[in-house]
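S.K.: Mind looking over this structure? Questions follow.
The values are calculated or read from the model by the stated rules, or taken from the named source; none is laboratory data. Quick caveat: nothing in here was measured; it's all calculated off a predicted structure. Note that we place each Cβ from the backbone using ideal geometry, even for glycine, and neighbour counts take in every protein chain shown.
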Amino acid sequence: MVHLTRIYTKTGDDGTTSLGDMSRTSKNDPRLEAYATVDEANSSIGVVLSTDELSEDVRALLVRIQNDLFDVGADLCTPVADAPAFEPLRVLESQVTYIEEKIDFYNESLEALRSFVLPSGTPAAAHLHVARTVTRRAERRTWAAIHAFGGGVNPLTAKYLNRLSDLLFVLARVANKEIGDQLWVPGANR
């Protein structure tokens, strides 16, 4: 369990921060960029949850995802090591599989797409699209960290984020189900 007794420590005032293994790194470290963007994605989902337009099952799913995103952040901030002193929290393939199952479940009730979807619609749908794009950025930042540190970053974190962005897209379509998706019309304004 995590216990936070102080909110500020002043240890980051020199432009460094602690990773999960207590080593210090620059606040520009690609790992930090990745898990900070995961935190931003999580906050975007929090905005979605502030709307009153979600079914209870979608609301419960998004809260579960918020918890999983803390797991993703914990994984990203703890370098992969051969013999760690403590067993680190790592994203598991089962978490990715769960997201895939939810994509399939919610997508089953939607009409097939005839074009790309414009990110709009109900407030919940619009916020889900913002969360989706922030999650895509988190995935890109995670891949940058993976490429920078090779085996020092768990690649399942990027895979989870990739699937999550797909799920958020599907959930945005679910949120727009009653009003329908606004589709892109190529060259409509020429």
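S.K.: Out of all the residues in the range 51-70, which are polar (S, T, N, Q) and either over 16 Å from residue 164 (Cβ atoms) or without any contact (Cβ under 8 Å) to a residue 12 or more places away in the chain (or both)? Can you show your working first?
M.R.: Pass one, the range 51-70, residues polar (S, T, N, Q): 51, 55, 66-67.
Those that are polar (S, T, N, Q) and either over 16 Å from residue 164 (Cβ atoms) or without any contact (Cβ under 8 Å) to a residue 12 or more places away in the chain (or both): 51, 55, 67.
S.K.: Select, from 124, 112, 85, 144, the only residue that is at pLDDT below 90 and not charged (D, E, K, R).
M.R.: Values: 124 fails: at pLDDT below 90; 112 fails: at pLDDT below 90; 144 fails: at pLDDT below 90.
Within the list 124, 112, 85, 144, the selection yields 85.
S.K.: Kindly list, by first and then second residue, each pair from a residue in the range 143-158 that is polar (S, T, N, Q) to a residue that is in a loop (DSSP other than H, G, I, E, B), limited to pairs with Cβ atoms under 7 Å and residues at least 6 apart or on different chains.
M.R.: Close Cβ pairs satisfying both conditions: 154/80; 154/90; 154/91; 157/91.
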